[in-house]
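Below you'll find the structure, written out as structure tokens, and then a few comments.
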Ligand code: NAD
Ligand code: IPM
Ligand code: MN
């Protein structure tokens with residue numbers, strides 16, 4: 001198979017982790033006889049510094065012309081602490097999601113048994129958890145009109161019927177191939193957007209009588225996720241709720257550094273860890289590269305239909321963890337100190353076992 005991949009490393013730990021995602025892809029190409037070609041493009045703070053724009057036209061053009069995109073992270077402390085900045089790194093990410101029509105963000109909460117003790121939650125609560133989040137990605141309060149005067153600010157929370165319907169269909173199709181349970185999370189007791197959301201999901205549910213549907217309020221869902229995560233199979237939710245719930249759910253998998261995601265729509269797929277540019281550890285060889293490597297596994301499976309190749313990546317990670325190797329974020333009190341690795345050594349270990 002011949003595929004062209006655009007690598008957008010972005011800011012902070014972005015380049016540190018995508019280096020290993022890309023290296024794994026190259027190795028898969030060699031082992032299985034696929035030809036992966038690569039190009040690079042700017043986004044975020046690095047793009048603002050170089051061009052004045054967080055999403056240069058060239059980046060979007062290259063993205064549209066590629067077969068898949070491997071993304072790192074964007075963000076810079078300078079903007080986090082400056083609410084008045086009009087041009088911001090995160091606009092690049094939001095712009096490419098909208099520009100490529102990436103309306104569905106799949107965030108699997110996959111738990112490696114070796115990491116049961118890495119979580120802040122009790123192992124017996126976690127064991128057996130396997131959740132697939134469908135986070136809507138191009139609507140909601142993220143993209144509604146923003147207004148600001150000296151003492152007032154507003155962000156319009158808005159959903160259109162078709163936006164809810166298309167992601168609901170994707171989530172139901174996935175649920176059908178998994179545990180056949182779908183939990184739609186909203187705030188329909190308060191928000192009009194959520195009442196539309198619930199109405200549309202109820203309609204779509206009728207087309208999937210084989211899937212058991214539950215509707216849950218987001219505040220309750222946030223609690224249930226840590227009380228009994230095993231109760232969830234597919235979770236379908238809006239952009240903002242999905243953003244927040246999946247950072248929470250990363251603690252089921254042990255760390256933010258373990259969660260990969262696939263952003264898909266009708267065109268090129270975009271594969272990214274759920275974490276950000278992590279200023280606190282950037283440039284220190286501390287970032288966990290496994291989320292980026294797992295994003296590559298999602299790319300192979302979802303965009304290219306290469307399930308065997310994707311499985312070989314998960315197996316290599318499994319072996320790395322079984323051998324006791326950990327980055328700092330997934331180490332626990334039982335970890336052999338000599339097996340706590342930096343980003344580079346962890347990336348190399350996975351390659352060695354691939
Ligand atoms: P963050 O995800 O960058 O970091 C949160 C915490 O998780 C930090 O303690 C960090 O050290 C840790 N962490 C994250 N990734 C890790 C990894 N791979 N290995 C080990 N530890 C890891 O979130 P934040 O601190 O709220 O945001 C930092 C910046 O990133 C902000 O500018 C924010 O806007 C941006 N951001 C970008 C994205 C993205 O590009 N997709 C996502 C979230 C946040
Ligand atoms: C994520 C991030 C982004 C989001 C930000 C950086 C725009 O938190 O990918 O989860 O909120 O979607
Ligand atoms: Mn987020």
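Quick rundown of the values:
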quantity	calculated
Residue check, residue 5 touching a helix residue (DSSP H, G or I) at 6+ places or on another chain (Cβ under 9 Å), part of a strand (DSSP E or B) and surrounded by 21 or more Cβ atoms within 10 Å (Cβ to Cβ)	yes
Filtered residue count, segment 236-257, keeping only those that are under 25 Å from residue 101 (Cβ atoms) and within 12 Å of ligand 1 (Cβ to nearest atom)	4
Selection from segment 87-122 of residues that are modelled with pLDDT under 95 and out of contact with any helix residue (DSSP H, G or I) (no Cβ under 9 Å at 6 or more places or on another chain)	none
Flag for residue 291 being near ligand 1 (Cβ under 8 Å from one of its atoms), modelled with pLDDT of 95 or more and assigned by TED's automatic domain parsing to the domain that holds residue 31	yes
Elements of type strands (runs of 3 or more DSSP E) contained in segment 223-313, each with 3 or more residues being over 12 Å from the mean Cα position of the chain (by Cα)	234-237
Pairs, first at positive phi in segment 117-144, second within 11 Å of ligand 2 (Cβ to nearest atom), C-beta under 7 Å, six or more apart	140/239; 140/240
Tally of residues being in contact (Cβ under 8 Å) with a residue 40 or more places away in the chain, away from ligand 2 (no atom under 13 Å from the Cβ) and crowded, with 24+ Cβ neighbours inside 10 Å across segment 272-300	10
Residue match in segment 63-71 (condition: under 30 Å from residue 324 (Cβ atoms) and more than 15 Å from ligand 1 (Cβ to nearest atom))	no
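The values are calculated or read from the model by the stated rules, or taken from the named source; none is laboratory data. Because the structure is a prediction, the values reported are computed rather than measured. FYI the Cβ positions are ideal-geometry reconstructions off the backbone, even for glycines, and counts take in every protein chain you see.
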